[in-house]
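Undergrad: Please find one structure pasted underneath; my questions will follow.
Bear in mind these aren't lab numbers, they're just calculated from the coordinates by the rules spelled out. From a predicted model like this one, the values you see are computed outputs, not experimental measurements. Quick reminder, even Gly has a Cβ in these numbers, built from the backbone with ideal geometry, and neighbours come from all protein chains shown.
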Amino acid sequence: MRIWAVANQKGGVGKTTSVVALGGLLAERGKRVLVVDLDPHGSLTSWFGYDPDTLAHSVFDLFQHQGKVPEGLPAQLITETSHQGLSLLPASTALATLERRMIGVEGMGLIISRALAQLWDDFDYVILDNTPSLGVLMVNALAAAQHLIIPVQTEFLAIKGLERMLHTLQMIMRSQKNELSYTIVPTLYDRRTQASVKSLNQLRKTYQDSLWRFAIPVDTKFRDASQAGVIPSALDAETHGVRAYRHLLDDVLAITATARERKHG
Ligand code: ADP
Ligand code: MG
């Protein structure tokens, strides 16, 4: 099982869209894929037609057992989606209360790792969608993941926020002793605007090694897709946005394959 987390402390940068696109494309290639909604807003959950305000059971349930994960519980919380090969562990808005409840609970940062350990034989890929705030949910995602995908909107100011976030991430990873590899992915790129072009150039100058070589372009079909619950891979395969996500998937697969070889090698 390979576990990726998609994270950025900023909202609206394309995290959830990236989770759905990468998950959809992997499922299209015949992989068994689980996408996990770790955002109390539940946008990923809504994408698949579930209402995070009214869901009786969600990923929240995993956090209700004093830091332990009862055998069989993760599997019970997973729902199928309309897309073959793609399953969802949904969020409910109750997740917003987690921060307060989990203070001082032993093992609170390892709930997601422990839950996924139970699902090791059931899925080939797990992709974790994250909330923009850095709290117990993000800590769980960082502890569970093997690779981190960081979407960054190509606009002014995005890079300042990115530096801060990378700094915090490195602090957390050091405390967890989980050295993640990561890929910074420029998103919402519009080559007709100065802001996009300039910030992409600046990203390239600052982050040569960990920056993805292309960018995800603005593709209005994505906005329509989230409203209609359509998986990007099921869109016309020739939209430039879907094509970009295919390239991204191939590159992340290549990066994570060499990282694994190095680890085991
Ligand atoms: P986040 O999860 O980081 O908050 P989302 O994936 O929800 O970001 O994207 C924020 C908004 O931008 C959504 O309305 C989404 O449909 C739209 N969006 C995301 N990526 C693209 C893209 N490449 N082109 C056009 N719209 C996009
Ligand atoms: Mg989101």
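Undergrad: Can you spot a residue in segment 60-67 that is under 18 Å from the mean Cα position of the chain (by Cα), within 16 Å of ligand 1 (Cβ to nearest atom) and either in contact (Cβ under 8 Å) with a residue 40 or more places away in the chain or buried (at least 17 other Cβ atoms within 10 Å of the Cβ) (or both)?
TA: So in segment 60-67, the residues under 18 Å from the mean Cα position of the chain (by Cα) come out as 60.
From what is left, the residues that are within 16 Å of ligand 1 (Cβ to nearest atom) are none.
No, segment 60-67 contains no residue that is under 18 Å from the mean Cα position of the chain (by Cα), within 16 Å of ligand 1 (Cβ to nearest atom) and either in contact (Cβ under 8 Å) with a residue 40 or more places away in the chain or buried (at least 17 other Cβ atoms within 10 Å of the Cβ) (or both).
Undergrad: Being in contact with a strand residue (DSSP E or B) (Cβ under 7 Å, 6 or more places away or on another chain), within 16 Å of ligand 2 (Cβ to nearest atom) and in a helix (DSSP H, G or I) is true for just one of Val13, Val35, Val19. Which residue is that? Lay out the reasoning, then the answer.
TA: Details: Val13 fails: in a helix (DSSP H, G or I); Val35 fails: in a helix (DSSP H, G or I).
Of Val13, Val35, Val19, the one residue that is in contact with a strand residue (DSSP E or B) (Cβ under 7 Å, 6 or more places away or on another chain), within 16 Å of ligand 2 (Cβ to nearest atom) and in a helix (DSSP H, G or I) is Val19.
Undergrad: Of all residues in segment 186-216, which are of a type in the set (A, V, I, L, M) and in contact with a strand residue (DSSP E or B) (Cβ under 7 Å, 6 or more places away or on another chain)? I'd like the intermediate steps shown before the answer.
TA: Here is the first cut: in segment 186-216, the ones of a type in the set (A, V, I, L, M) are 188, 195, 197, 200, 203, 211, 215-216.
Leu188, Leu200, Leu203, Leu211, Ala215, Ile216 - these are the residues of segment 186-216 that are of a type in the set (A, V, I, L, M) and in contact with a strand residue (DSSP E or B) (Cβ under 7 Å, 6 or more places away or on another chain).
Results for (1) surrounded by 17 or more Cβ atoms within 10 Å (Cβ to Cβ); (2) touching a Gly at 6+ places or on another chain (Cβ under 8 Å), shown as yes or no for each residue.
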{"residue": "Glu163", "(1), (2)": "no, no"}
{"residue": "Glu179", "(1), (2)": "no, no"}
{"residue": "Tyr189", "(1), (2)": "yes, no"}
{"residue": "Arg192", "(1), (2)": "no, no"}
{"residue": "Ser196", "(1), (2)": "yes, no"}
{"residue": "Pro217", "(1), (2)": "yes, yes"}
{"residue": "Asp224", "(1), (2)": "no, no"}
{"residue": "Ala228", "(1), (2)": "no, no"}
{"residue": "Pro232", "(1), (2)": "yes, yes"}
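Undergrad: A further question follows. How many residues does segment 139-152 contain that are surrounded by 23 or more Cβ atoms within 10 Å (Cβ to Cβ) and not in a strand (DSSP E or B)?
TA: The total comes to 5.
Undergrad: Just to verify a result, which residue in segment 174-205, among those that are in contact (Cβ under 8 Å) with a residue 24 or more places away in the chain, hydroxyl-bearing (Ser, Thr, Tyr) and under 15 Å from Gln153 (Cα atoms), is nearest to ligand 2 (Cβ to nearest atom)?
TA: Step by step, filter segment 174-205, then rank; the result is Thr187.
Undergrad: Also: Working carefully through the options Ala7, Ala27, Ala21, find the one that is at negative phi and away from ligand 1 (no atom under 16 Å from the Cβ). If you could, list the steps in order and put the result at the bottom.
TA: Values: Ala7 fails: away from ligand 1 (no atom under 16 Å from the Cβ); Ala21 fails: away from ligand 1 (no atom under 16 Å from the Cβ).
One residue alone meets the criteria, Ala27.
Undergrad: Another question about this same structure. Would you call Glu155 of a type in the set (Asp, Glu) and farther than 19 Å from Thr17 by Cβ? Explain how you work it out, then say what you get.
TA: Details: of a type in the set (Asp, Glu): yes; farther than 19 Å from Thr17 by Cβ: no.
No: the conditions fail for Glu155.
Undergrad: Could you check, for segment 73-83, whether at least one of its residues is assigned to a helix (DSSP H, G or I) and touching a residue at least 60 places away in the same chain (Cβ under 8 Å)? Show your work before the answer.
TA: Kept after step one, since they are assigned to a helix (DSSP H, G or I), are these residues of segment 73-83: 73-77.
Among the residues that remain, those that are also touching a residue at least 60 places away in the same chain (Cβ under 8 Å) are: none.
No; the residues of segment 73-83 include none that is assigned to a helix (DSSP H, G or I) and touching a residue at least 60 places away in the same chain (Cβ under 8 Å).
Undergrad: Pairs please, first residue from segment 103-117 and part of a loop (DSSP other than H, G, I, E, B), second anywhere and not hydroxyl-bearing (Ser, Thr, Tyr), Cβ atoms under 6 Å, 6+ apart in sequence or on different chains.
TA: These pairs meet every condition: Val105/Gly67; Glu106/Gly67; Gly107/Gly67.
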